Structures are given as C-alpha cells and as structure tokens.
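J.: Input: one structure, supplied below.
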Amino acid sequence: MKPVLTPLAVLALTFAAATAQAQPKLPAPNFPTFGAVADVDTACDTGLKGAKQRVQALEKRRVDAGWLAAYDDLTVYLEDHQGPTDFVLNVHPDKAVRDAAQACSLRWADFASSLGQNEKLYRALRKAPKKDGIDAEFVRLASGQFEDSGVALPAPKRARAKQILDKLTELDQQFNKNIRDAGTRVAFTEAELKGVPAGVWETAKRDDQGRILLGVDYPSYVPVMRSAESGEARQRMWLAKTNEGGQPNLDLLAQIATLRGEYARLFGYDNYVDFNLRRQMARDGATATRFLDSVTGAVNAREKAELRELRAAKAQHLGTQLELTQVERWDATFYGERVKLQKFSVDQNAFRPYFPPQASLQFAMHIIEKLMGVKYERVTNPLWHDEAQTYVVSDVATGKAIAQMYVDLYPRDGKYNHAAVWPLRGSATRVARTPVAALVVNFDRDGLTLDEVETLLHELGHAVHVNLSKTRYAATSGTTVMHDFVEAPSQMLEDWVYDKNVLKLMQEVCPTCKPVPDEMVDQALAAKHYGKGGQFGRQHLYASYDLALHQSAKPEPLPLWARMEGTTPLGYVPGTMFPAGFAHIAGGYGAGYYGYLWSLVVAMDLRTAFAADKLSPEVGKRYRDLVLGQGAQKPAPLLVKDFLGRESNSQAFFDYLKK
C-alpha cells in the first residue's frame, strides 16, 4: 500500500529537496559523529595528551606580546577536543557512547581543575602585555577564573579546592544522568486521556494490560497537564515529573550544596552565594535578595487573585461548592487553560496546526535573518543522530560564512529532556575562527503551541549570541558574559512571537502554512498577561530557594523546599521532591538561578529599543554589533549602556508587571 503523505511530510520533503541543491561549505570542522565507544575513548586519549603538551609548551613560552594569543590557542584546542564529549553525553542515542563520554568528561574535568591552579600560567597571564581594553578585559576575566579555581590559595587549601571541583563535576553529571536515563513511563487508559489530543498518545507504546505509556518529556507532559479531564491522570503525570531523579538526586544535591559551601569557606566567604556572585552584575547575595524582594510585592497579590479564579473554575467544572473546592498542584495548568479559554478564548493546542516544527524553526531563523543581516542555509551533514540538522550562517553584506548551528528538535530516550544551547566553539577574529552552537529542544512532531514557539525563540537567542559573536579571543566570545546577563539576549526575543508583523514572516518560509489569525494573537497576549502572577511567583520561589540552599550552613534540600513551597498559595504536596529534578542548580546555575529574573529585567529594557519596529534592521545591526558581537570583551552593564545610550533600569519590567 502506498503511504499517505501528511501536509507535514510534504513540507519536509519539499525542504529536503531544496537543501539538496548547491550547499555552502562548512566554515568549521564538523562535529565528530562518535559512532562507537572506541571513537570516544580514542578522541579522549588523544585530546588529553595534546592538551597536556600544549600546557607544557605554554609554561615554557616567553611572556611577550603574543602570549595572550598563545593562551587563547589553548582555549581553542579545549573547545575542539573537550567540548564534543561534554556535549555528546547529552544527546547520543547509544547509551554506551553516552556513558563513555561521561567517563571522558570526568577526565577532562580533572585536567581543567589542574589547569585552573597552574601558577606558572597565572603569573604569566598577569604579566602579559596588554595592547588595549580588549586585552585588559581578557586578562581580568582569565585571572578571575584562575583565582576562583584556587590558584592563590595555600597549598593544602588548593589541593582541597581541586578535590571539591572534581567531585562537583562528577555529582552534577550523575544528577543529570539519573534523570536522562530513567526512562520514566506513566500508564493511562484511553478514558483517562480524555481531552488530550490524540496525536500525543495514539501511537505510544502500551503495556501488557493495554494501557498507554507516556514519558515525562515535554511533548507528552505538557498536553496531559493542560488538557486531561481526569484529575487522577494529571496527578500521576505531575508526580512522575515532580519526583524525577528521586531520593538519589536529593542526596546528590545535598552533597553538591555542602561541597560548594566548603569551597567558599576556603576563600574566606561565609557562604557560596556571596562567593559566586562577587564577579556578577548583582555582586553579592544581599543585592540579589533585595532584587527578589522587590519582585515579591508586585506578584503576590496577583498570584492569589489568579488562584481564586482557578478555584472557581474547578468548582464550576466539577459541580462542587466553591468553599469546599481546593486547587491542587496538578490542577493549576489545567484550570489555568480553562480560565484562559473562557476569558480570552485561548487554547494553546489550537496553535499547533499553524506551527509545524520544521517550518517553525525556519520562521525563527528568518526573524534573525531580517533583524541581524544574516542568512541560514541547511546543509546535508552526518551528525550524532539522523534527525539532527546543520545550518551554515552567512553574513548577507559580505556573503561570507561566519558560523554554523546544529539543531536537534525531537525527544527520544536518553536525550537531554529540556531545552538548551551548547556553545561548542567560540569566535576568535585573530585566527578567523568561526563559532558553532548546538540547539537542543524536545518538540511535538504535530506542531508547536505559541508557548513552544516562544521557547524556540529563547533558545535560538542563545545560539545567535554564540553565532554572531565577533570577538578577538575565543575565551571571551558569545555566552561567556556575566552569568546574570547570559539569559537577557534570549529572553529579549521571546516577545517577538506576539508581534503580528513578525508572525507574518511564517508565510515567507512556509507559503502553505495557514496564517495565525490576528484575534488569536491578541487573545494569547491577553492570556499571557493573565498568568503573570503564577509565572513570576514560581520563578521567584526557584530563585529564592537556590539562594537559601547555598546560604545554609547545613543544606537539606527537601526540608528547605517543603518549608518554602509550603508558604506559597498552592502549598507543598507531602512526599514530593521537586529539587531532585532541579538540574539547573545542580549544575551551572547553582547560587545563580536568580539570574533568570535579573536577566529578564535587562531584556525588557533592551526591548525598548525595538518598540517602534521589532524587525528594524538598523536597530538589529546596532544590537548585533554592540551587544552580541562583543561577547565578554566588555562587562555586561557597559554592553547595555552602549546599546541603549544610557544606564539600564527596571522601569520596563515593573511596567510590564502592572499590565
């Protein structure tokens, strides 16, 4: 029987035919495919051997005008040899390869912690000639990294610092592995999935009782939480997701926070928060806490008012008395969607037919093309999985290939199950080095909601930050900026999805796609404003918990979470363990999660420059040159000031909260 081609399949074939024509040449070496464990092991041995040889050569090198470039050459080497294994453990379909990559990554972590304490290189760096402000900022940042690694500590403390750094890497990787490899499945009857779009579950595997087995990946989890009529079904799905990682990860998080506290004390700090923030925009924990407190007053009343509406919606839906009706955690999303449907006629699932995944990716890239003067071209290129894609990014003005981007769109077992970008290569104009970013998401093959298009733009914002960097040194390229600024360029773009002129670009990349009706966009924007209380209340809780955990003398992740979540309007559900899946703070966002809200304040200020026209190529060019292109060659506050022509402020953020 001849297979029937769906509209999405036709679109995919059309796109494949277009990309089969003449292709631009990759501007950088291709990502290694790592077909087997032996490939990982060989690359690991060879890479580490070469890295050690380069360190030895750098130690012997005369400190002259070329020393900084020679030091940055080491960064380039590490990106090309360490970076691939650190990344592939998150995406490779073969568990054996992922495990081998994780083992290799730990070997690289040992190398890195030793490098960070190399006194010869630290002293040479401090003495290296600096020809201008870019060199001076490079030296300042690199010196700080050495100092944060313990290079200036007395020998016994330095040795302990290295032990802690190595152990933290191991614990973080195990934390993520426990989530990634869990393969969690939740069983449902068809009746329990009433209301959930059939495309989510009809082709899913079934158990021996005929029940449908769904994972906790976002294309499965979100539709169930939004649409399942059965409260029991939502509860089971919510519990499975909330308890991801389980008790083992709670134990790991306690170890991580305890070790971080000990690490900070080696440097004379009372807690890890103040140690970690001293080089960021916030500077210290007190400033970050005051910032979060300023947000609290603006969202508390709103969150409680929204909860009253959810309660009324549940009572009406179930026919129960309002005073006897209680909204549970697993009810919030479902009844939030019902309220939005009633008040604003918004159903997020209704957006899926308008945003096929591949066309949505092209649409998001086309926004950047219009705004930033670049062009994305897909090339045929073997990667870690058949569905992973490669794009060459070219500068329109010169026609020159300036970057490349990998994209991994769909969920699968063993893959990183959130959304993120890995900066695989940084730019370095001194050697004509072009950057590479890898964008990893987990989208529904049947189409994206408007929320998911917003997520796509957010992540693409990170990739653009990497790809459009034009820095002298790889070590200061792209997303190496201050950590509480790194989310700003991606959060800024989220707002573009609500602009009708921007959405019209979809027809330029997908003429067969139906345009989103203007009224649906208006309704979605109104609904977005409606949910701000719960959204920012939750972000505030995450950030406050992260700071409290890392300020505690004896971190106890679950009791602390239970107390803090217990004070929120929806309270804490006994027996649940959300921190066991809070991978952000087990890794690079530890004592830094406040940066999401902090960056959002900056992002909303950046948006003011695009108020008249979100697709202005003139403003986009200034933004590309003065912010994205600069990487960390200047401190983040100066980047913002250069672009806006003034000091940044919080006015746009607090105006938004009032809407």
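J.: Just checking, which of GLY595, GLY581 is touching a His at 6+ places or on another chain (Cβ under 6 Å) and closer than 26 Å to GLN551 by Cβ?
T.: Numbers: GLY581 fails: touching a His at 6+ places or on another chain (Cβ under 6 Å).
Selected residue: GLY595, the only one of GLY595, GLY581 that is touching a His at 6+ places or on another chain (Cβ under 6 Å) and closer than 26 Å to GLN551 by Cβ.
Matching residues to (1) outside the structural domain of HIS81 (by TED's automatic domain parsing); (2) crowded, with 23+ Cβ neighbours inside 10 Å; (3) under 19 Å from LEU493 (Cβ atoms):
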{"position": "PRO356", "(1), (2), (3)": "yes, yes, no"}
{"position": "MET372", "(1), (2), (3)": "yes, no, yes"}
{"position": "ARG378", "(1), (2), (3)": "yes, no, no"}
{"position": "VAL393", "(1), (2), (3)": "yes, yes, yes"}
{"position": "LEU409", "(1), (2), (3)": "yes, no, yes"}
{"position": "ARG430", "(1), (2), (3)": "yes, no, no"}
{"position": "ASN442", "(1), (2), (3)": "yes, no, no"}
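J.: Checking the conditions here, which among VAL216, VAL222 is crowded, with 16+ Cβ neighbours inside 10 Å, among the hydrophobic types (A, V, I, L, M, F, W, C) and part of a loop (DSSP other than H, G, I, E, B)? Let's see the steps before the verdict.
T.: Details: VAL222 fails: part of a loop (DSSP other than H, G, I, E, B).
The match here is VAL216.
J.: Output the residues belonging to the stretch 553-598 that are of a type in the set (A, V, I, L, M) and assigned to a loop (DSSP other than H, G, I, E, B).
T.: First, pick out the residues of the stretch 553-598 that are of a type in the set (A, V, I, L, M): 553, 558, 560, 562, 564, 570, 573, 577, 580, 583, 585-586, 591, 597.
ALA553, LEU570, VAL573, MET577, ALA591, listed by residue number.
J.: Something else: Which condition number does ASP655 fail, the rest of (1) touching a residue at least 24 places away in the same chain (Cβ under 8 Å); (2) within 24 Å of TYR530 (Cβ to Cβ) being met?
T.: (1)
J.: Give all pairs with beta carbons closer than 6 Å in which a residue from the stretch 117-141 that is modelled with pLDDT of 95 or more meets a residue that is buried (at least 19 other Cβ atoms within 10 Å of the Cβ) and among the hydroxyl-bearing types (Ser, Thr, Tyr); count only pairs at least 6 apart in sequence or on separate chains.
T.: Within 6 Å, the pairs are GLN117/SER149; PHE138/TYR473; PHE138/THR476.
J.: Of the residues that sit in the stretch 239-267 and are under 21 Å from VAL151 (Cα atoms) and not basic (Lys, Arg), which one is surrounded by the fewest Cβ atoms within 10 Å (Cβ to Cβ)? Lay out the reasoning, then the answer.
T.: Initial filter on the stretch 239-267 (under 21 Å from VAL151 (Cα atoms)): 259-267.
Checking which are not basic (Lys, Arg) leaves us with 259, 261-264, 266-267.
On the way: LEU259: 18, GLY261: 23, GLU262: 13, TYR263: 23, ALA264: 20, LEU266: 17, PHE267: 17.
Per the stated criteria, the residue is GLU262.
J.: Aliphatic (A, V, I, L, M) and over 26 Å from the mean Cα position of the chain (by Cα): is that true of ALA182 in this structure? Working first, answer last.
T.: On the way: aliphatic (A, V, I, L, M): yes; over 26 Å from the mean Cα position of the chain (by Cα): no.
Spelling it out, it is not the case that ALA182 is aliphatic (A, V, I, L, M) and over 26 Å from the mean Cα position of the chain (by Cα).
J.: ASP522 versus (1) of a type in the set (Asp, Glu); (2) in a loop (DSSP other than H, G, I, E, B); (3) out of contact with any Phe, Trp or Tyr (no Cβ under 6 Å at 6 or more places or on another chain): which is the lone unmet condition?
T.: Of the numbered conditions (1) of a type in the set (Asp, Glu); (2) in a loop (DSSP other than H, G, I, E, B); (3) out of contact with any Phe, Trp or Tyr (no Cβ under 6 Å at 6 or more places or on another chain), the odd one out for ASP522 is (2).
J.: Out of all the residues in the stretch 370-425, which are under 26 Å from LYS504 (Cβ atoms), in a loop (DSSP other than H, G, I, E, B) and in contact with a helix residue (DSSP H, G or I) (Cβ under 9 Å, 6 or more places away or on another chain)?
T.: GLY373, VAL396, LEU409, ALA419 - these are the residues of the stretch 370-425 that are under 26 Å from LYS504 (Cβ atoms), in a loop (DSSP other than H, G, I, E, B) and in contact with a helix residue (DSSP H, G or I) (Cβ under 9 Å, 6 or more places away or on another chain).
J.: So, one more: On the basis of being on the phi < 0 side of the Ramachandran plot, over 30 Å from the mean Cα position of the chain (by Cα), not in a helix (DSSP H, G or I) and not charged (D, E, K, R), does ALA65 make the cut?
T.: On the way: on the phi < 0 side of the Ramachandran plot: yes; over 30 Å from the mean Cα position of the chain (by Cα): yes; not in a helix (DSSP H, G or I): yes; not charged (D, E, K, R): yes.
When the stated conditions are applied, ALA65 passes them.
J.: I've got another one for you. Report whether or not ARG624 is crowded, with 17+ Cβ neighbours inside 10 Å, of a type outside the set (Val, Ile, Thr) and in contact with a strand residue (DSSP E or B) (Cβ under 9 Å, 6 or more places away or on another chain).
T.: For ARG624, the condition - crowded, with 17+ Cβ neighbours inside 10 Å, of a type outside the set (Val, Ile, Thr) and in contact with a strand residue (DSSP E or B) (Cβ under 9 Å, 6 or more places away or on another chain) - is met.
J.: Sticking with this structure for a sec: Is one or more of the residues making up the stretch 287-300 closer than 30 Å to MET520 by Cβ, surrounded by fewer than 22 Cβ atoms within 10 Å (Cβ to Cβ) and in the same structural domain as SER552 (by TED's automatic domain parsing)?
T.: Within the stretch 287-300 (the criterion being closer than 30 Å to MET520 by Cβ, surrounded by fewer than 22 Cβ atoms within 10 Å (Cβ to Cβ) and in the same structural domain as SER552 (by TED's automatic domain parsing)), the answer is yes, since at least one residue qualifies.
J.: Among the listed residues ALA315, ALA305, ALA301, ALA288, identify the single one that is within 33 Å of the chain's Cα centre (by Cα), farther than 30 Å from ALA591 by Cα and of a type outside the set (Asp, Glu). Give the derivation first.
T.: Numbers: ALA315 fails: within 33 Å of the chain's Cα centre (by Cα); ALA301 fails: farther than 30 Å from ALA591 by Cα; ALA288 fails: farther than 30 Å from ALA591 by Cα.
ALA305 is the lone residue from the list that is within 33 Å of the chain's Cα centre (by Cα), farther than 30 Å from ALA591 by Cα and of a type outside the set (Asp, Glu).
J.: Are any residues in the stretch 462-516 of a type in the set (Ser, Thr, Tyr), under 20 Å from GLN358 (Cα atoms) and outside any helix (DSSP H, G or I), and if so, which ones?
T.: The one that is of a type in the set (Ser, Thr, Tyr), under 20 Å from GLN358 (Cα atoms) and outside any helix (DSSP H, G or I): THR512.
J.: To continue, here is another question. With respect to SER113, is the statement that it is without any contact (Cβ under 8 Å) to a residue 60 or more places away in the chain and touching an Asp or Glu at 6+ places or on another chain (Cβ under 8 Å) true?
T.: Against the criterion (without any contact (Cβ under 8 Å) to a residue 60 or more places away in the chain and touching an Asp or Glu at 6+ places or on another chain (Cβ under 8 Å)), SER113 qualifies.
J.: Identify all residues within the stretch 547-596 that are among the aliphatic types (A, V, I, L, M), in contact with a helix residue (DSSP H, G or I) (Cβ under 7 Å, 6 or more places away or on another chain) and free of Cβ contacts under 8 Å to residues at least 24 places away in the same chain; write none if there are none.
T.: Listed by number, the residues that qualify are ALA548, LEU560, MET564.
J.: Among the residues of the stretch 170-191, is any more than 30 Å from VAL224 (Cβ to Cβ) and surrounded by 14 or more Cβ atoms within 10 Å (Cβ to Cβ)? Step through it out loud before you land on a result.
T.: The first filter runs over the stretch 170-191 and keeps only residues more than 30 Å from VAL224 (Cβ to Cβ), leaving 170-171.
If we keep only those that are surrounded by 14 or more Cβ atoms within 10 Å (Cβ to Cβ) too, we end up with 170-171.
Yes, the conditions are met somewhere in the stretch 170-191.
The values are calculated or read from the model by the stated rules, or taken from the named source; none is laboratory data. Source: prediction; values computed, not measured. Here the Cβ is made from the backbone with ideal geometry for all residues, glycine too, and neighbour counts use every protein chain on show.
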